[in-house]
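The values are calculated or read from the model by the stated rules, or taken from the named source; none is laboratory data. Nothing here was measured: the structure is a model prediction, and the numbers come from that model. Using ideal geometry, Cβ is built from the backbone for each residue, glycine included, and neighbour counts are taken over all protein chains shown. For the accessible areas, the whole protein counts, side chains as well, though only heavy atoms, and no ligand, DNA or RNA atoms are used. Shrake-Rupley method; radii C 1.70, N 1.55, O 1.52, S 1.80 Å.
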Amino acid sequence: MKRYHVTTFGCQMNEHDSERMKGMLESLGYQAAAEQQEADVILFNTCSIRETADSRFVAHLGHAKRVKRERPETIIGVGGCWAQSLKDEVFAQFPFVDVAFGPGQVHKLAEFLTSDSLTAQGFFEFEGFAGDLPDKRTRDHQGWVQISVGCNCNCSYCIVPQTRGREASRPFDGVVAECERLASEGVREVTLLGQNVNAYGRDLRPAKRTFAELLHAVDAVDGIERVRYTSPHPKDMKEDVILAHATLPSVCEHIHLPLQSGSSRILKAMKRTYNQERYLDRVALIREHVPDCALTTDIIVGFPGETEEDFQMTLDVCEQVGYDSAFTFVFSPRRGTEAALITEGLVPHPVKVERMERLVEVVQRRAHERAQRFVGRTMEVLVEGTSRTDPSRLRGRSRHNKTVNFTGFGQPGELVMVEIERATSQTLAGEESLLARAGVR
Ligand code: SAM
Ligand code: SF4
């Protein structure tokens, strides 16, 4: 029996790509190995969140190199966005790598492994949607469903259009069929994935479809109790999508709405195609239709040209919106992007760090304040397992995407009602409602 080992870096999209790599390897008869040194195929699914490979990745690769020295027949593969951004240069930098492939080329790995090729090969074409691969889910009751690949936006800091290509939507019926299959396997929560997930469907032929239509169809799948999606673009956050949150029982009360910057001037330089006013207008529309909706965001600090006034506008928007949480990034130039060529107005590193600290303070303080609205409420929680800090307690997730630690009886995959007693900026804590368990609500 041949064995594989996959190490994943980066975002949910990459985690899902790794699930597909694993599913594909298992369909070829491979089994998972606990450690790299036990594996016949060692894979890395890389991310280009930093321009240069980060030290963690280099250390992992160094380890794989030693395994290869001891057992030269071991196959070392590097996939994902970082591999795509370097293409064949991967082999020059790391000559012990046998196969390298971009995010859209996971299926080519099978071709490589089943061929008799002895020479290193790279697969970096974009082929539109190649979503119908088997996957091996990390969680029994939660599933990711890729609904599109690539991105047609042109954000000046972003490498994704280069590494994942033009946007291509997966056929509507295929997405719904996958959700039905997942439901039949016990999945209760699906997360629809796309780089610009709410642009879904415009490229479909003969008839275009909309993302809101897809939400309706997935909501109608028996057994799927929760629908989430990531990442949407504020420009495509149309009213029909917001209304889906208000009206469809399974569409969760959580929207991730990447802000990037609160300054209209910087947003323009970023080519985000909205300004502060239009962004806040979307927030207002969300709050009008779904008043309790959790809002989360992505913010970049220190984009070239960002002045103290620009940064202050980002802080102002964070104060005003009151995000439930935020992913915060320090701007880093990425190979081949427009922003990487800017040489004027670069923000010195210490200034970026200082701004980041101030931003995190505002985000966390507001998240803490916002989270207090849950205290005293009884909330539906999807049980995921035991608490990471206290094994006598359970851990799950609320519809608002908050981690909830609680005492109770629920089994993984069960939806239970939890009385929330305390809230921090990150997590909620409480006790399972015994009345709800007894059927008295
Ligand atoms: N498609 C997603 C979207 O538009 O929200 C984004 C994918 S990107 C991998 C995730 C986040 O990384 C972005 O929202 C942005 O905040 C951040 N990011 C992307 N490029 C960056 C860069 N060059 N420097 C710092 N942060 C960056
Ligand atoms: Fe990158 Fe997201 Fe902009 Fe597309 S929408 S270019 S993935 S930041």
* Structure fact -> The strands (runs of 3 or more DSSP E) lying entirely within region 1-90 that contain at least 3 residues which are open to solvent by less than 10 Å² (accessible area, probe 1.4 Å) are 41-46, 75-80
* **Test for residue 350: is it open to solvent by 40 Å² or more (accessible area, probe 1.4 Å) and either closer than 30 Å to residue 249 by Cβ or more than 23 Å from the chain's Cα centre (by Cα) (or both)** => yes
* All but one of (1) of a type outside the set (Ser, Thr, Tyr); (2) open to solvent by 50 Å² or more (accessible area, probe 1.4 Å); (3) part of a loop (DSSP other than H, G, I, E, B); (4) within 16 Å of ligand 2 (Cβ to nearest atom) hold for residue 334; which doesn't? -> (2)
* Assess whether residue 140 counts as being modelled with pLDDT under 80, farther than 16 Å from residue 79 by Cβ, in a loop (DSSP other than H, G, I, E, B) and open to solvent by 30 Å² or more (accessible area, probe 1.4 Å). => no
* Does region 13-48 hold any residues that are more than 23 Å from the chain's Cα centre (by Cα) and of a type in the set (Phe, Trp, Tyr), and which are they? -> 30
* Asked: Do we find a residue being closer than 21 Å to residue 235 by Cβ and among the hydroxyl-bearing types (Ser, Thr, Tyr) anywhere in region 312-326?
  -> yes
* Structure fact -> Over region 379-417, the set of residues small (Gly, Ala, Ser) and closer than 23 Å to residue 291 by Cβ is 398
* To do: Report yes if residue 170 is surrounded by fewer than 16 Cβ atoms within 10 Å (Cβ to Cβ), within 22 Å of residue 207 (Cα to Cα) and not aromatic (Phe, Trp, Tyr), otherwise no.
  => no
* Quick one: count up the residues across region 96-130 that are part of a loop (DSSP other than H, G, I, E, B), within 19 Å of residue 2 (Cβ to Cβ) and open to solvent by less than 20 Å² (accessible area, probe 1.4 Å). => 1
* For region 303-324, which residues satisfy the criterion of being surrounded by 21 or more Cβ atoms within 10 Å (Cβ to Cβ) and not in a helix (DSSP H, G or I)? -> 303, 306, 323, 324
* Structure fact -> Reported set for region 271-301 where residues are assigned to a loop (DSSP other than H, G, I, E, B) and surrounded by fewer than 23 Cβ atoms within 10 Å (Cβ to Cβ) is 271, 273, 274, 275, 290, 291, 292, 293
* Structure fact -> Wholly inside region 356-431, strands (runs of 3 or more DSSP E) that include 1 or more residues that are touching a Phe, Trp or Tyr at 6+ places or on another chain (Cβ under 9 Å) and open to solvent by 40 Å² or more (accessible area, probe 1.4 Å) are 415-423
* **Residue check, residue 148 farther than 19 Å from residue 101 by Cα and within 15 Å of ligand 1 (Cβ to nearest atom)** => no
* Out of all the residues in region 143-159, which are of a type in the set (Val, Ile, Thr) and either under 10 Å from residue 197 (Cα atoms) or not in a loop (DSSP other than H, G, I, E, B) (or both)? -> 145, 147, 149
* To do: Within region 232-264, work out how many residues are among the hydroxyl-bearing types (Ser, Thr, Tyr), within 30 Å of residue 331 (Cβ to Cβ) and surrounded by fewer than 20 Cβ atoms within 10 Å (Cβ to Cβ).
  => 1
* Is it fair to say residue 270 is in contact with a Ser or Thr (Cβ under 6 Å, 6 or more places away or on another chain) and either within 16 Å of ligand 2 (Cβ to nearest atom) or under 29 Å from residue 314 (Cβ atoms) (or both)? -> yes
* Asked: Can you find even one residue in region 163-176 that is in contact with a Ser or Thr (Cβ under 9 Å, 6 or more places away or on another chain) and touching a residue at least 60 places away in the same chain (Cβ under 8 Å)?
  -> yes
